[in-house]
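Peer 1: Take this structure first; my questions come after.
Every number in this text was worked out from the coordinates using simple rules, so none of it is lab data. Predicted, not measured: the structure shown is a model, and the values here were computed from it. Please note: Cβ atoms are built from the backbone with ideal geometry, for glycine as well, and neighbour counts cover all protein chains shown.
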Amino acid sequence: MTLNYQKMKDYLDKRFEYFEGKTKGFYFNELGQVVATKDKKVITAFYERIDNTNQKPSLYKVSVIKSLYVGKDDDKKVIDAMYIEKKLQNKNDINVNNNFAPAAYHNEELNNEKIGAIGIALKGKSNKMHFINEELDIEIPKKEFQERNLFTLYGVYLLNLKTKYKTNKLDYEKVSEYYETEKEELNSNNSYLIKKYGMPYIEERQHQSYDGLMHPIIRKTQSDISKQIKEQLTPKINSRINIDLEKEKVKKKAI
């Protein structure tokens, strides 16, 4: 199966209500929870992490990006891409800068206490990560998904959904210039470990715009799992009045 920006938009349009904010559009469920954000370049949907622990559920930001410039070792191309990160309190959304740099940022229109999910994230066979909604099961083709942490803090790991064409529009000087800001922030940090393990990722920006490019396996979600996801994530509300009240609250806050 395939996935792209338009397919994700169609999926959200069928299931959720849309509200146009100041800088982005927002999809929200009946509780007024935002389940995805959208602009002309990227759609970012939230997935809830499911595991066997009793920890508080965590969320992943799963972005589908249209026509992203990528390049490594002089192989410059345009791809439809996917970019995944855990949601943090201070970085709750994804932007694409200069058409080559997906990056987490704090979306002030998005209330962290009012975020829902369109699907679940879990580890399947061989510890491979899966991001599953009612229609699609997206499998990351590595035993351990490259999450950003202390050692990959400044890494950019992309999933190639489709290679579109070769391009000369990716300028490595601009790539290097863009990441110079992160390099300055890194140098100002007093942590020895962050400097030691984070700096190599920034230095690689002289000749590439990402650190890893993987190809996901996309399958149709099994019907029984689809039903379970729908039941688990469908908000339980007692009346239409409550639904309308929540929507108004969201709109008044511009999310």
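Peer 1: Along region 157-162, what does the Karplus equation 6.51 cos²θ - 1.76 cosθ + 1.60 (θ = phi - 60°) give for ³J(HN,Hα), rounded to whole Hz, x for Gly and Pro?
Peer 2: For region 157-162, the Karplus curve yields 10, 10, 10, 7, 7, 6 Hz.
Peer 1: Determine the distance separating the Cα centre of region 160-214 from the Cα centre of region 69-120; give it in Å without decimals.
Peer 2: Cα centres, region 160-214 to region 69-120: 15 Å.
Peer 1: While we're here: Do any GluC sites (Glu not before Pro) in region 60-131 lie in a loop, going by DSSP, with at most 13 other beta-carbon atoms within 10 Å of their beta carbon, and if so which?
Peer 2: In loop regions of region 60-131 (DSSP not H, G, I, E or B), the sparsely surrounded GluC sites (Glu not before Pro) are Glu108.
Peer 1: Between Lys164 and residues 5 or more places away or on another chain, which pairs have amide H atoms under 5 Å apart, with H built 1.01 Å from N, and which residues are they?
Peer 2: Long-range HN contacts for Lys164: Val78, Ile79, Asp80.
Peer 1: Looking at region 53-143, which trypsin sites (Lys or Arg not before Pro) are in a loop (DSSP not H, G, I, E or B) and have at most 12 other Cβ atoms within 10 Å?
Peer 2: Numbers: sites: Lys61, Lys66, Lys72, Lys76, Lys77, Lys86, Lys87, Lys91, Lys114, Lys123, Lys125, Lys128, Lys142, Lys143; in loops: Lys87, Lys128, Lys142, Lys143.
Passing sites in region 53-143 are Lys143.
Peer 1: A further question on this structure: Going by average Cβ neighbours within 10 Å, how do the peptides 38-47, 160-169, 5-14 rank, with the highest at the top?
Peer 2: 38-47, 5-14, 160-169
Peer 1: For region 166-228, max minus min Cα coordinate along each principal axis, in Å, sorted largest first?
Peer 2: Result, largest extent first: 50, 37, 14 Å.
Peer 1: Okay, next question. Hey, with R₀ at 25 Å, roughly what FRET efficiency would Asp13 and Thr163 work out to, going by the Cβ-Cβ distance, to 0.05?
Peer 2: 0.40
Peer 1: Full extension from Glu203 to Asn90: what is 0.36 nm times the residue separation minus their Cα-Cα distance, to one decimal in nm?
Peer 2: Working: separation 113, 0.36 × 113 = 40.68 nm, distance 2.53 nm.
That pair, Glu203 and Asn90, stretches by 38.2 nm at full extension.
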